[in-house]
Each structure stands twice: as structure tokens, then as C-alpha cells.
């Protein structure tokens, strides 16, 4: 997976879009100048476009001058991440460019580890239906792949738990957690040399499992097809 420094060297300007939390975060990273960021609590459908235009205007460039897109695929707000993915897909129709994805909890787990916290610990957010998105870090510092764990299993595990308060939760955590900030500008700046990004030619929101669809067969209702009571 490419490093952020490599992406900047290859593409010159990177537009970062993150709507996984309640705060929409938009950044323009530049190889020849400091990064420009907007970070505010807002509805993703409106803030993404306004804040993108704001950073482009401040830099004195246009969307066509952006060399590649970077976005958070989740976990987090499904509406927010899908809005970002749809936005990038629309821009790709106008002019195709490379797109790269990163995961919110993996980024946080690396940062907590690099700031001196010794494992084991885990970063969690609510995944609904009595499950929690979980990225665990082992005692030797290995960041594990993202999992979705049942609340009972997570409650029984011994590691410390961290959670970013700007992510929505519909249920109390399985055990007490420690708040940890989710500020993408600072996180990406601190970890420009980590392989956090994967190519995303068809941007979409992260899902633990692919959605299943049942085939519907049209049937005329009649006395013969009615279910007896």
C-alpha cells in the first residue's frame, strides 16, 4: 500500500474527504505548500461541497488541479461515507483520477500506539445490533485488522478500550472507554510514512459483509396461492 508521502510526490495535490464522524473534515494536501483544512460539525451532503470549494479557493486552484482523492471508507456514519463515495464517483465521471481509501479506527489505533500507549488495547465504535467495530493492538504493538465483535465478547476481553467521541453511538459501550480525538489533519500529518492507504477504483463505504438480496418473484394472488390459516 502506498504511503502518503509517495502519493503526494506522485500526484502533487490530494483532496481528502472524511465524513465518517459527526464532523465533516476536508483537506487539500500539497507537495509544494502547507495543507489546508476545514473541520466542522455539519451535514455531509452540504458541507463536503462547500468546504471543498473553500480549500480550493484558498489555494487558488480548481478541482481539475487535484491529482488524486483520498477518503475515509469507514467504519463510521454509513450515510456520511456513502455521500463521500458518491461525490468522488461523480467527480471521476468528469475527469478520472486515482482514489485511495483509509479506515478511521486503523488510523486511530496507529496514532495511539505511536504516542506511547502500550498494548493490548482496542479502538471501538458502535456497529449497531449489539456489535462494535473493533481494531485491536496486541502487546507487541501489532495493529490487527478491523473486526465486528458482539458486545458480550468485547465486554469479556481484558484490553483497555478507546473510542472517538465524535462517532455516533446508539448504545452504551460494553465497558468504560477512554475518549480519543479524531482530527484527520493531525493524524495524517503524524503518519505520512505509514502504509494506511489502499487503491479504491470504485469508491464505496466499508461493510464487514456484502449485502444480501433475496430474489423476488411476482405472483398473482388467488385462492389457490393463499396460505391457509
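Just so it is clear, none of the values below were taken in a lab; they were calculated from the coordinates. The structure presented is a predicted model; accordingly, all values stated were derived computationally and were not measured. Positions of Cβ are generated from backbone atoms using ideal geometry, with glycine treated the same way; all protein chains shown enter the neighbour counts.
Please report the relative contact order for the chain, taking Cα pairs under 8 Å with a sequence separation of at least 6, and give it as a percent rounded to a whole number. Intermediate values should be presented prior to the final figure.
Values: 420 pairs, mean separation 50.2, N = 229.
Here the relative contact order equals 22 percent.
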| message | How far apart, in nanometres, would the label points at residue 129 and residue 43 be if each is projected 7 angstrom from Cα along the Cα-to-Cβ direction? | response | 2.8
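What's the ranking of 153-159, 24-30, 110-116 by average number of surrounding C-beta atoms within 10 Å, highest first? Mind dumping the intermediate values first?
Details: 153-159: 13.4, 24-30: 24.0, 110-116: 15.0.
Packing order, densest peptide first, comes out as 24-30, 110-116, 153-159.
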| query | In nanometres, what is the gap between the two model label sites at residue 113 and residue 9, each 7 Å from Cα along Cα-to-Cβ? | reply | 2.3
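Could you work out how much longer the chain between residue 171 and residue 63 gets when fully extended? Use 0.36 nm per residue separation minus the Cα distance between them, nm to one decimal. All intermediate terms of the calculation are to be shown ahead of the outcome.
On the way: separation 108, 0.36 × 108 = 38.88 nm, distance 3.97 nm.
The span from residue 171 to residue 63 would gain 34.9 nm if fully extended.
If you restrict to DSSP beta bridges whose two residues both lie in the chain, what percentage is antiparallel, to the nearest 5? Please report the intermediate quantities before stating the final value.
Working: 26 of 40 bridges.
The answer is about 65 percent antiparallel.
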| said: Looking at the chain as a GNM with Cα springs under 10 Å, which of 94, 107, 196 has the largest mean-square fluctuation? | reply: 94
| said: Based only on other Cβ atoms within 10 Å, what is the fewest-to-most ordering of 198, 139? | reply: 139, 198
| remark: Of 42, 186, 122, the most mobile residue in a GNM of the chain (C-alpha springs, cutoff 10 Å) is 186
| message | How large is the Rg to Rh ratio of region 106-179 when both quantities use alpha carbon positions and Rh follows Kirkwood? | response | 0.93
| request: For region 1-45, would you read off the P(r) tail past 15 Å as a percentage of all alpha carbon pairs? | output: 48
| task | Note down the relative contact order for region 106-179 as a percent, whole number, built from C-alpha pairs under 8 angstrom at least six residues apart. | result | 30
| query | Hey, fewest Cβ within 10 Å first, where do 70, 88 land in order? | reply | 88, 70
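Dividing the Cα convex hull volume of the chain by residue count, how many Å³ per residue is that?
Considering the Cα atoms of the chain, their hull volume per residue is 169 Å³.
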| task | Could you tell me the distance between the Cα centroids of region 43-92 and region 130-188, to the nearest Å? | result | 26
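What FRET efficiency do you get for residue 178 and residue 92 if R0 is 41 Å and r is their Cβ-Cβ distance, rounded to the nearest 0.05? Don't skip to the answer; put the middle values down first.
Details: r = 39 Å, r/R0 = 0.95.
In this case the efficiency is close to 0.60.
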